[in-house]
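Heads up, the thing below is written out as structure tokens.
The values are calculated or read from the model by the stated rules, or taken from the named source; none is laboratory data. Remember, predicted model here, so these are calculated numbers, not experimental data. Virtual Cβ from ideal backbone geometry, glycine too; neighbours counted across all protein chains shown.
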Amino acid sequence: MAPSSLFTGSAFMALGTGSLEPISMAFDVVVIVLLVGLAARILHTRQLFEAIVLFIAYGLTLSLAWIRLGAPDLALAEAALGAGVTGALLLNTFQRLAERTPGEVDPAAREGGE
């Protein structure tokens, strides 16, 4: 595998060669399933902290998808801003909120949640 083919996504390989390597296709399917699964879990979770952690994982998985699509610049921006900076800000906000109102940050945790 040539170094330049690292950033060539499966969509572009399919257009150029007409065939995909099985491992490449399997990785693409795993990334798609992870993205859909994480998005569904984020929408259905009642725990605030869990939603923040899942949001960070979603951003990192989305950066993998951008790499596979041949957009390393978007992948780096998504990892740095989408998962890194935004995730850190959300975790900081969660911590400050927990310090101000102990026991009231996550109402689902009191109810037994999921």
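Assorted remarks:
- Condition broken by residue 101, with the remaining ones in (1) at pLDDT below 85; (2) crowded, with 17+ Cβ neighbours inside 10 Å satisfied: (2)
- Of everything listed in (1) more than 26 Å from residue 98 (Cβ to Cβ); (2) assigned to a helix (DSSP H, G or I); (3) of a type outside the set (A, V, I, L, M, F, W, C); (4) in contact with a helix residue (DSSP H, G or I) (Cβ under 9 Å, 6 or more places away or on another chain), the single unmet condition for residue 41 is (1).
- Exactly one residue among 39, 75 is modelled with pLDDT of 85 or more, touching a Phe, Trp or Tyr at 6+ places or on another chain (Cβ under 6 Å) and surrounded by 14 or more Cβ atoms within 10 Å (Cβ to Cβ), and that residue is 75.
- Of the residues making up the stretch 59-72, those that are crowded, with 17+ Cβ neighbours inside 10 Å, in contact (Cβ under 8 Å) with a residue 24 or more places away in the chain and assigned to a helix (DSSP H, G or I) number 7.
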